[in-house]
Structures are given as C-alpha cells and as structure tokens.
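See structure below.
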Amino acid sequence: MTSTVNLAPADLPKESGRFDLPIALGILAASGQMPAAALGDYEYAGELSLSGELRPIRGALAMTFAMQREGSTRRAFILPRANAAEAALVAGAVVLPADSLLQVCAHFAAGNGEQRLERHVAQAEPQPAALSSRSSPSSPSMYPDLLDVKGQAHARRALEIAAAGGHSMLLIGPPGTGKSMLAARLPGILPPMTEDEALESAALQSLIGSFDPARWKIRPYRAPHHTASAVAMVGGSSSVRPGEISLAHRGVLFLDELPEFERRVLEVLREPLESGCITISRAARQARFPARFQLIAAMNPCPCGYAGQASGRCRCSPDMIARYQGRISGPLLDRIDLQVEVGALDQEELLGASSGEPSAAVALRVRQAAARQMARQGSLNEALAGAELDRLCQPDAAADKLLRSAMARLAWSARSYHRVLRVARTIADLDGLDTAGCAQVAEAIQYRRAIRHA
C-alpha cells in the first residue's frame, strides 16, 4: 500500500519533527491498522525515533496556549511525556503524555484490553524564592537582593520608580559603581506576574526550547552581549523565531555598555519600546511576536569611563565624550524614561556595611503603587497615552508651571514631555498622592538631564 501525506499549504515552512506523530497516526488509520473515528477528538505533536519512541519537541506550551486562546482546550493533547509538565501549565488543558507510538495506538484500542493514556496531573505550582535570596539572575528559583548594593541611594530610588511604573532606564557612571548590580536586582522588586503574563512569557521561551517549568512565574532577565546582531535582538532568521526582546517579554532586557552596540541594533528597539510588539517580515512569511519588555541600559560617561571624577583620571577631550555619547541617537534616548547618574562610591561607603533596604521592603511599595495604577486605569503608567495621559497625569497648577518652564528651557520634544508626566504620576503613586505636585515633577525632571543631547 502506498500512502500520500499532504502538508498543505505548501508555501508555509514546516520545521522540526513535531509532525511525525500525527503523520504516523494518519497512515495507520488510513491503512486500517487502527480505528480512525476518534482521531478528530485529539490534538497531536511529537517527534518519532526509528524505534517508535516519542522525543520532546519545541513549543509545546505555545501550542497549548494557542489552543486555549482558540477555545480548544476541551480537546485532549497527546504529546511526548517530556513536554507534559510545561503543557499542563495552561489552565484547563487536558494533556495526555505518551512514551511511544505504541502507547498512543494502544490508547485508541483500549476497548480490546489495551491501556488508555492517563491525564498528566500538574504538580504544585512552583513558587519563586523569597526576594531576599542572593543568587544570580539566571538562578532557577531566586532573585538577587538590593541589600547587596552599597550606597547609591539616588539610583536605588530611580530603580524603584522604574519598577513601579514599568519605565525604561539608563544608568550612566564610571566602571565599578554598581550599574550591573542594580539592573540585575530589578526583577526582584517588580510586581508578581499574573497567570496570563506568565503564560505569554513561557510560551515564547517554549518556542526556542528554553522554558524550564521551575522558572514558572519568574520574570525573565535577558542580558545579550554588545556583539549581538539585529536579528538576534528582534528575532528572525530563516525559521522566524523570537529574539531577545520577545524572550524578555514581561521581564527585563539589560543592555550593558550601551554605546558599544551597533547603531543599527539599537535603532531596532525604538518601535517595540512604544508598541510592545515586533513584526518580522520575510519574503514568504510574516510573524508577529509580543515584546513588552522593560529596558534597562548601562554605559560609561566617556570612552575611558572616568569623566567627571575628582581623581582626574579622565583624559578624554570634550569632542571625544560628545562622539561617544552621540552613538546613542536622540530618538532612542527620547524613549528612555529615566536617565540616572551613578557616581563612584567614597571609601567609607565602599568599605562599610550596606545601609539600604532589602528587596522585600522595596517590592512591597512597588506592589502597592502598581495596584493603584491597575485599579485606576488597568495598566501601568508607562503604557498611558492619548486622552488617558491628559486625564490621569496632569499635575497641579504650580507643578504644571514648573514643567512648562523646564520644557521650554531644555527644548524637550513632545515625547519627552509626556514621559516626564508619566514618571511624575508614578512618583505620586509611590508617595500615595492623587495628583503630582512640585516635588514629584521636580524629581521627574532631573531624570531627563544625564546626557547633554537628551
């Protein structure tokens, strides 16, 4: 008997071995070797070895998530046992894990005394570790703690504001001042992920096979090297997979040594920073991935890194400093809400004990401020635009006069003006105020002046 398998439409690329299991079942049903009547009640995915063993696949969670979005979770999903734990994270999904093609066939012949596949029972939901733990951001269950950062009260305050309102931030200072430490501790003070946010983030990681169920509801932290290409950053290649900005969805994207990235790589961030998504177009295919990440970047003030220090170590000319800082375009800087100077620590701060708060205390204030925003407008302040921005972010009369004066003196664009309004609104939420006053607006203004051409 000859069987013909048609994977229409022909112009849609078919990659990986996830079609092996449904193709094999179709051939067996067409040849009368197994009943075909019940096949339509299930979804299938799995790669087959030559021995009939089912091997794990990429994207199992993304497939199950798509089934939920389409209202198809009433259909059971048969897939390799190694993928069952991640697929079962989708609420209501009926996941039937199998080890081999023989087990799947036995499931449909259960009336003849064969054993049916059993539904996978999800284990207790993994819980993120306490915010006070001290480990690297790549640890599967822990966040590093702000208590490890000595001094830098100004930068810590800016980090709290960024976390509370979902704002992007640029840290500028000489080497060894704690810029990378601060960035790595941002995920530990962000509000807890909701079920939908966790599913969106996990589904994207599942597409490249990097999702670990132990990291469920732990915000992603991506820190690509400055040699990363534009394709690595936004996604693409021949198979159109998500890039770093999508893998950081609902989490943090940290770009260290920002001016060292290629200009073209940085410019591709401009659109997703505002839209929260990225559309990748190829000759025969187009893909749209979510990319609502929180950008945290760090840079030195000059090529040698020591401009402005009292030690006088910097020998960079004003032209050299201007060219170095000019590697970051004005339109990109316009989209960064907080630009924070991180100064060098004096000897007493460096050698003394940390005097700052632990992450748990800061995270509590952040959660309270975020809850105010969600109750008021259903989103964080960073996402406010249009009429909502005008209605919810207007400061009082005295603060509005101060803001208009600063806009005229510093020659802000409309985008910069709106971003200061959002930051001032977030500061007011942290302070428990209904309207931003002069103190909140003045604090927001200072975060727009770290780079001269910003």
Residues located in segment 198-247, provided they are outside any loop (DSSP other than H, G, I, E, B) and hydroxyl-bearing (Ser, Thr, Tyr): SER201, SER206, TYR221, SER246
Search result, residues across segment 36-56 that are within 14 Å of LEU102 (Cα to Cα) and not aliphatic (A, V, I, L, M): GLY46, GLU47, SER49, SER51, GLY52, GLU53, ARG55
Enumeration of residues in segment 20-47 that are at pLDDT 90 or above, open to solvent by 40 Å² or more (accessible area, probe 1.4 Å) and not β-branched (Val, Ile, Thr): ASP20, PRO22, GLU43, TYR44, GLU47
Test: residue in segment 414-421 that is in contact (Cβ under 8 Å) with a residue 12 or more places away in the chain, part of a helix (DSSP H, G or I) and in contact with a strand residue (DSSP E or B) (Cβ under 8 Å, 6 or more places away or on another chain): no
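Condition check ((1) touching a helix residue (DSSP H, G or I) at 6+ places or on another chain (Cβ under 9 Å); (2) not in a strand (DSSP E or B)) across all residues:
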{"position": "PHE289", "(1), (2)": "yes, no"}
{"position": "ARG292", "(1), (2)": "yes, yes"}
{"position": "CYS302", "(1), (2)": "yes, yes"}
{"position": "GLY305", "(1), (2)": "no, yes"}
{"position": "GLY312", "(1), (2)": "no, yes"}
{"position": "ALA322", "(1), (2)": "no, yes"}
{"position": "ARG327", "(1), (2)": "yes, yes"}
{"position": "ILE336", "(1), (2)": "yes, yes"}
Answer residue from segment 369-384, given it is open to solvent by 60 Å² or more (accessible area, probe 1.4 Å) and without any contact (Cβ under 8 Å) to a residue 12 or more places away in the chain and is farthest from ALA155 (Cα to Cα) among those: ALA375
Any hit, segment 385-407, residues being touching a Pro at 6+ places or on another chain (Cβ under 9 Å) and touching a residue at least 60 places away in the same chain (Cβ under 8 Å): no
Pick from segment 174-216, criterion of a type in the set (Ser, Thr, Tyr) and within 19 Å of ARG288 (Cα to Cα), ranking: farthest from the chain's Cα centre (by Cα): SER206
Positions within segment 248-287 being out of contact with any Phe, Trp or Tyr (no Cβ under 7 Å at 6 or more places or on another chain) and part of a loop (DSSP other than H, G, I, E, B), in sequence order: ARG250, ASP256, GLU257, PHE261, GLU262, VAL268, LEU269, GLY276, ARG282, ALA283, ALA284, ARG285
Count of segment 309-345 residues which are open to solvent by 70 Å² or more (accessible area, probe 1.4 Å) and in contact (Cβ under 8 Å) with a residue 60 or more places away in the chain: 2
Top-ranked residue in segment 347-363 [being of a type in the set (S, T, N, Q) and part of a helix (DSSP H, G or I); ranked as most open to solvent (accessible area, probe 1.4 Å)]: GLN347
Single residue of segment 409-433 satisfying the filter (modelled with pLDDT under 90 and of a type in the set (A, V, I, L, M)) that is most open to solvent (accessible area, probe 1.4 Å): ALA411
Any hit, segment 176-197, residues being out of contact with any helix residue (DSSP H, G or I) (no Cβ under 8 Å at 6 or more places or on another chain), assigned to a loop (DSSP other than H, G, I, E, B), among the hydroxyl-bearing types (Ser, Thr, Tyr) and touching a residue at least 24 places away in the same chain (Cβ under 8 Å): yes
Subset tally (residues that are among the hydroxyl-bearing types (Ser, Thr, Tyr), open to solvent by less than 10 Å² (accessible area, probe 1.4 Å) and touching a residue at least 60 places away in the same chain (Cβ under 8 Å)) for segment 231-287: 0
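Rundown of residues vs (1) within 28 Å of the chain's Cα centre (by Cα); (2) assigned to a loop (DSSP other than H, G, I, E, B); (3) modelled with pLDDT under 90, yes/no style:
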{"position": "THR73", "(1), (2), (3)": "yes, yes, yes"}
{"position": "LEU79", "(1), (2), (3)": "yes, no, no"}
{"position": "ASN83", "(1), (2), (3)": "yes, no, no"}
{"position": "GLN103", "(1), (2), (3)": "no, no, no"}
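The values are calculated or read from the model by the stated rules, or taken from the named source; none is laboratory data. Since we're looking at a predicted model, the values are computed, not measured. Here the Cβ is made from the backbone with ideal geometry for all residues, glycine too, and neighbour counts use every protein chain on show. Accessible surface is based on the protein model in full, side chains and every heavy atom, while ligands, DNA and RNA are left aside. Shrake-Rupley method; radii C 1.70, N 1.55, O 1.52, S 1.80 Å.
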